[in-house]
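Structure, as structure tokens:
The values are calculated or read from the model by the stated rules, or taken from the named source; none is laboratory data. No experiment lies behind these values; they were computed from the predicted model shown. Cβ coordinates were reconstructed from backbone atoms using ideal geometry, including for glycine residues, and neighbour counts include every protein chain displayed.
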Amino acid sequence: MRLLPLAITKVDDHEACVGAVTEAGEWIRPEPVATAQVTAADSPFRYWHRTEVPLGPSAEPDARPEDRAVRGAPVLDPASYVPPEERPALLERLCAPDAEAAVGGARRTLGLIRAQVLDVTVRRATGGRAFLRCRFRDGAGAEYDWIVPEIAFGARVWPHVHDGRLDPPYRAGLLESLRGADTFLTLGLTKPNDRFPNRFGGCHPLVVGVHAAVPDRAAGRVGTPA
């Protein structure tokens, strides 16, 4: 099956997660995926490239609707590159109207929305681990504040975190760039852990992909960063 990744996250030093769409627009989560596999220079999973992945039904008893078992080596198709000018229309076609429509618990645990990013912060969890968080407003006007485990966003932001705090000048510039773009967020739900009953079926909601369509006013078009 040919997949276009729109979420590439790190669970820990060993386990990663990829959320992708098929050419028909179906959301798929291939499993298992290793952290070393998605962080390698020759990773078969890259944004804006399609990857052929042999898949089968998930055998996990708590599988989510999009979960599929990887049955062979994923192979990236270099010729499938989606150029920046084509990305906004692709993202628009995949958009749900709001967060609850995008990730509806037992019905759907991966989705995409257009969002207004209100803030990006660093916060420590109960166990002491620090996380990047994104506060955003969805199309229904609801506000959320979710952890962002996405690898690409972390690579961009973590170098500017010092003493547990995001550098104020960098934070201001980051927010300005996200607010000046049409920003799309890929949302995902963990498997239910029953520790946090919520509107998402007890699953932990996450921002698993950040995609900003930046206006090119001089050329009169938009695109997204590579």
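Figures for the structure shown
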{"item": "Selection within region 96-117 - in contact with a Pro (Cβ under 7 Å, 6 or more places away or on another chain) and among the polar types (S, T, N, Q)", "result": "Thr109"}
{"item": "Complete set of residues in region 84-125 that are touching a residue at least 24 places away in the same chain (Cβ under 8 Å) and of a type in the set (Asp, Glu)", "result": "Glu85, Asp98, Glu100, Asp119"}
{"item": "Selected residue (only one of Tyr170, Tyr144 is in the same structural domain as Ala101 (by TED's automatic domain parsing), touching a His at 6+ places or on another chain (Cβ under 6 Å) and either modelled with pLDDT under 95 or of a type outside the set (A, V, I, L, M, F, W, C) (or both))", "result": "Tyr170"}
{"item": "Qualifying positions in region 1-19 - among the small types (Gly, Ala, Ser) and touching an Asp or Glu at 6+ places or on another chain (Cβ under 9 Å)", "result": "Ala7, Gly19"}
{"item": "Answer from Gly56, Gly19 - the residue that is farther than 28 Å from Leu132 by Cβ, assigned to a strand (DSSP E or B) and not assigned by TED's automatic domain parsing to the domain that holds Ala212", "result": "Gly56"}
{"item": "Any hit, region 68-78, residues being surrounded by fewer than 15 Cβ atoms within 10 Å (Cβ to Cβ) and closer than 25 Å to Arg135 by Cα", "result": "no"}
{"item": "Failed criterion for Val21 (all others in (1) over 24 Å from Glu92 (Cβ atoms); (2) buried (at least 23 other Cβ atoms within 10 Å of the Cβ) hold)", "result": "(1)"}
{"item": "Ala152 vs. criteria over 18 Å from the mean Cα position of the chain (by Cα), under 28 Å from Ala101 (Cβ atoms) and either outside any strand (DSSP E or B) or not charged (D, E, K, R) (or both)", "result": "no"}
{"item": "Number of positions in region 59-79 that are outside any loop (DSSP other than H, G, I, E, B) and not β-branched (Val, Ile, Thr)", "result": "7"}
{"item": "Qualifying residue in region 43-52 (condition: farther than 27 Å from Tyr144 by Cα and of a type in the set (Ser, Thr, Tyr))", "result": "yes"}
{"item": "Condition met for Arg108 (in the same structural domain as Ile151 (by TED's automatic domain parsing) and assigned to a loop (DSSP other than H, G, I, E, B))", "result": "yes"}
{"item": "Subset of region 32-53 (residues that are surrounded by 19 or more Cβ atoms within 10 Å (Cβ to Cβ), assigned to a strand (DSSP E or B) and of a type outside the set (A, V, I, L, M))", "result": "Arg50, Thr51"}
{"item": "Flag if Ser58 is touching a His at 6+ places or on another chain (Cβ under 7 Å) and surrounded by 13 or more Cβ atoms within 10 Å (Cβ to Cβ)", "result": "no"}
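Conditions (1) in a loop (DSSP other than H, G, I, E, B); (2) more than 17 Å from Arg29 (Cβ to Cβ), marked per residue:
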{"position": "Val117", "(1), (2)": "no, yes"}
{"position": "Val122", "(1), (2)": "no, yes"}
{"position": "Gly141", "(1), (2)": "yes, yes"}
{"position": "Trp146", "(1), (2)": "no, yes"}
{"position": "Gly209", "(1), (2)": "no, no"}
